[in-house]
Structures are given as C-alpha cells and as structure tokens.
Amino acid sequence: MKVLILNGPNLDRLGTREPDVYGRTTYADLVEMCEAEGRDLGFEVEVRQTAHEGEMVGWLHEAADASTPVVLNGAAWTHYSIAVRDACSQLTAPLVEVHISNIHQREEFRHHSVISAVASGVIVGLGVEGYLLALRWLSLKK
Ligand code: DQA
C-alpha cells in the first residue's frame, strides 16, 4: 500500500533552516527516515516537497483519485491556503496533518490551521518523529 508524504515550502531547508525551531535533521535525512519506517510497516512511502501551490494541489488530486493515504506538512500554506484545504477535502483515504514545531506555542498567525478541520488527525510539536508516528497510525488503519 502506498502512502504519500507531502511537504510544503521551505521544508527542503530542514537542517539549516532555524535549527532551534525545526532541529538539525536534514530534508534528506527525513526522506530516509520515512522510507525506512514505511518499509518496516509494509508501506511504499513516497516523500515529496514543493514550494509551488499548484503542484501540491495536483499531488492531492492524485492521492484523492488513487485513494492514497496522505501525511501532509503544508508548512506556511497550513495557515491560509484555501486551495490546499479544498484539495484535502477531496481525499478519499486518511489524511494526517503534521507539524514539526508546536505551532500553538509560536506566533499567533500559526495557531490556526485551515487544514485541521478536514484532516483525520493532527500531530504537532513532536519534531520530525511526528512523520513516523503518522505512518504508524496509518498502519493501524490498514
Ligand atoms: C511548520 C509550521 C509552519 O507554521 C511553518 O510555516 C512551516 C513548518 C512545522 O512543521 O512546524 O514551514 O509546518
């Protein structure tokens, strides 16, 4: 079974981007960790990242059409992109929203997610391990 792990803008900068907030794990490390966890759980995991909103919307349509579960870190789009939310609303398999940092402890503009209401569940503030926890939860739903 396939799982798509989709990441929004600036997440390709993990490791160098604000390490006090996001840690020192690089994006390449994250991809490797997710693929390894996926293998252990019997998933075919594909990790993608984009800074282009239309590309993200297209990937969500692809997941909707194929009934593929999604782990989504929408990054900044989380807080304002109705286009990403509307694409998430069309998903036909579980959606887990993940944030590396605890968005509720940060600036007020990060406290609200337009995605959460259409997600199956949300994992915030548990670092990059949040992605692995999301995969574990999806494995219980297989
Ligand atoms: C983030 C939190 C967002 O507020 C921010 O814009 C990101 C990353 C997180 O993983 O903690 O880019 O989604």
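Rg/Rh for the chain to two decimals, with Rh computed the Kirkwood way over all alpha-carbon pairs.
0.93
Note on region 14-79: Kirkwood hydrodynamic radius from all Cα pairs is 13.5 Å, rounded to one decimal. In this Cβ point-charge picture (+1 for Lys and Arg, -1 for Asp and Glu), region 2-140 has a dipole of about 220 debye about its Cα centre. Ranking 60, 90, 49 by how far each Cα lies toward the positive end of the dipole of the chain (charges on Cβ) leaves 90 at the top.
With the full set of protein chains in place, find how many percent of the accessible area of region 5-87 is carbon and sulfur; take the probe as 1.4 Å. Accessible surface attributable to carbon and sulfur in region 5-87 totals 45 percent.
Evaluated on region 85-127, the Kirkwood hydrodynamic radius is 11.0 Å, with distances taken between all distinct Cα atoms.
The values are calculated or read from the model by the stated rules, or taken from the named source; none is laboratory data. In this text, all values refer to a predicted model and were calculated from it rather than measured experimentally. No Cβ is skipped: glycine too gets one built from the backbone with ideal geometry, and neighbour counts run over all protein chains shown. The accessibility values were calculated without ligands, DNA or RNA, using every heavy atom of the protein model including side chains. Shrake-Rupley method; radii C 1.70, N 1.55, O 1.52, S 1.80 Å.
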